[in-house]
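What follows is a single structure, written as structure tokens, with notes after it.
The values are calculated or read from the model by the stated rules, or taken from the named source; none is laboratory data. Nothing here was measured: the structure is a model prediction, and the numbers come from that model. Here the Cβ is made from the backbone with ideal geometry for all residues, glycine too, and neighbour counts use every protein chain on show. The protein model used for the area step is the full one, side chains on, heavy atoms only, and it has no ligands, DNA or RNA in it. Shrake-Rupley method; radii C 1.70, N 1.55, O 1.52, S 1.80 Å.
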Amino acid sequence: MKSNYDLIIVGGGIAGSALGRSLAEQGKQVLILEREKIFRDRVRGEYVHPWGVTELRALGIYDLLKQTCGHEARYRVNQIINGPPSKTRDLVETSPHKTGSMHFYHPKMQEELLQAAEHAGSVVQRGSVVSDVKPGPIPTVIVREGQEEHTYQSRLVIGADGRTSLCRNWAGFTVNHDPDRMLIMGLLLDGSGAPDNVVHYYINPINSEFSVLTPLGNTRVRCYTGFHQQDGRRRLSGHKDIDEFVTTSISAGAPRDWFVNATASGPLASFDCADTWVSHPYDNGIALIGDAASSSDPSYGCGLSLALRDVRVLRDLLLTEKNWDVAGHQYATEHDRYFDSIHRLTNWLTMLMYEPGPSAAVRRERVFARLTEDPRRLPDLPGLGPEFPSDEAAYRNLFGDDD
Ligand SMILES: Cc1cc2nc3c(=O)[nH]c(=O)nc-3n(C[C@H](O)[C@H](O)[C@H](O)COP(=O)(O)OP(=O)(O)OC[C@H]3O[C@@H](n4cnc5c(N)ncnc54)[C@H](O)[C@@H]3O)c2cc1C
């Protein structure tokens, strides 16, 4: 039994590594357990909104990522077929913190952050698969390392094990799940003609489809496309479905030319967009962060920013509050506030943009006219994120009084 740690973090993704790094830097004894020896392309987020870039800066990892793997985009274009007029948005000019978005190849970002956590003083064990977590005044973690099993204890255990987190089940949290609506598929492309400094978001409400192209630099883009599950369309995955993936992206509005010379440089994989979350993600010595706490609809690209917000909020509380049980509960209360806001806003957008059927089409026509009149009614997910109002008045402001 090894028990001289302040914190044991299960998972070395962006959430676990960033938290481990920032607490080790402040002298805390941190152990990070990561099951993968080498990070591979799992088709995950590679686009950080401007409000998330502000979190990168607050955590002191903006420069590290920018120098090792980051690519910045200054502009964003949202184009909605039959929707309000599309305009190129200058994120630096118009976002509250005057910054663009940051993009990186996800496996490279994970390597860099986990190394940074180690350099800051965390003990990092890779190839360590956590097989159980037991809550309590001194929480316990059971780990498989090769043929052996080890038990570790610490003041606090952090579940940062991603969207299919088992930590939350072992610790007895209830996991909430939105109804299935959209599916998202992602593919890495090299040699695309898409511009390097613009994020493009295409929406085709008629077919309930979208396509997002986020630049990674040097003609590399991560392309996501998606559609509504109600239409009975099948999930796309593997090499055989790449042509259909491209056809769907073009049908959603992406320019055909951008795919002509592009080659696939990674796997094609599909995921449910439905949010999963734990209400109040702290109890009895276990805190959940990142996707383990709440996995937000990937098509809106808020997951990385939310994970970074979790890390900053929890870090600040653990460094200022001596009683970590109190700190854990305060983190969980604050987490619910900002996650619930993103959850409401993205649900409104999914209902508005993709809901199939005649009454949804009538609503869209009415709301698109309101957005043409005043585009500021559209939730500002890139700039304000959870700080965009999401109360009843904001709902009325977007949808009008007839909804
Ligand atoms: C298709 C898709 C597109 C997305 N696009 C965007 C986007 O553009 N922008 C955005 O902001 N977000 C996006 N997201 C969401 C974003 O990827 C996640 O929010 C983010 O990666 C969550 O980070 P995390 O550290 O919480 O989890 P993860 O990155 O999943 O890290 C969890 C880590 O825990 C490890 N682990 C798991 N179980 C164990 C165990 N038992 N023992 C030890 N280690 C374990 C895993 O190996 C992994 O390294 C997207 C997600 C998907 C699926």
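Results, tabulated for the structure shown:
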{"quantity": "Net charge over other residues, Cβ less than 11 angstrom from the Cβ of D291 (K, R count +1; D, E count -1)", "calculated": "0"}
{"quantity": "Solvent-accessible ranking of F173, F245, largest area first, probe 1.4 Å", "calculated": "F173, F245"}
{"quantity": "Beta bridges per DSSP with both ends in the chain, % antiparallel, nearest 5", "calculated": "70"}
{"quantity": "Largest to smallest accessible area among R222, R21 [probe 1.4 Å]", "calculated": "R21, R222"}
{"quantity": "Euclidean distance of C-alpha centroids, region 68-99 and region 193-212, integer Å", "calculated": "12"}
{"quantity": "Helix 358-373 axis, angle to the chain major axis (alpha carbon atoms, nearest 10°)", "calculated": "90"}
{"quantity": "Percent antiparallel among DSSP beta bridges (both partners in region 150-304, rounded to 5)", "calculated": "90"}
{"quantity": "Spacing of the two label points (7 Å from each Cα toward its C-beta) at T174 and M351, in nm", "calculated": "2.2"}
{"quantity": "Helix 324-354 vs. the chain, principal-axis angle (Cα, 0 to 90°, nearest 10)", "calculated": "20"}
{"quantity": "Label-point separation in nm, K108 to R370, each point 7 Å along Cα→Cβ", "calculated": "4.3"}
{"quantity": "³J(HN,Hα) computed for each position of region 49-57 - Karplus, 6.51 cos²θ - 1.76 cosθ + 1.60, integer Hz, glycine/proline x", "calculated": "4, x, 5, x, 4, 4, 5, 4, 5"}
{"quantity": "Accessible surface of region 182-272 [probe 1.4 Å, protein heavy atoms]: carbon and sulfur percent", "calculated": "48"}
{"quantity": "Non-local Lys pairs in the chain, i.e. 8 or more apart or on different chains, that have alpha carbons under 17 Å apart", "calculated": "6"}
{"quantity": "Assigned charges on the beta-carbon of Lys, Arg, Asp, Glu; region 182-272 dipole about Cα centre (debye)", "calculated": "100"}
{"quantity": "Total charge dipole magnitude, the chain, about the Cα centre, Cβ charges on Lys, Arg, Asp, Glu only, Debye to nearest 20", "calculated": "480"}
{"quantity": "Tensor-based shape of the chain (alpha-carbon gyration tensor, a/c under 1.5 rounded, otherwise prolate or oblate)", "calculated": "prolate"}
{"quantity": "Cα-based shape type of region 1-41, given that a ≥ b ≥ c are square roots of the gyration tensor eigenvalues and the cut on a/c is 1.5", "calculated": "oblate"}
{"quantity": "Mean separation of Cα contacts under 8 Å (6+ apart) over length of the chain, as relative contact order %", "calculated": "20"}
{"quantity": "Nearest 10 degrees, 0 to 90: helix 14-24 Cα axis against the chain principal axis", "calculated": "40"}
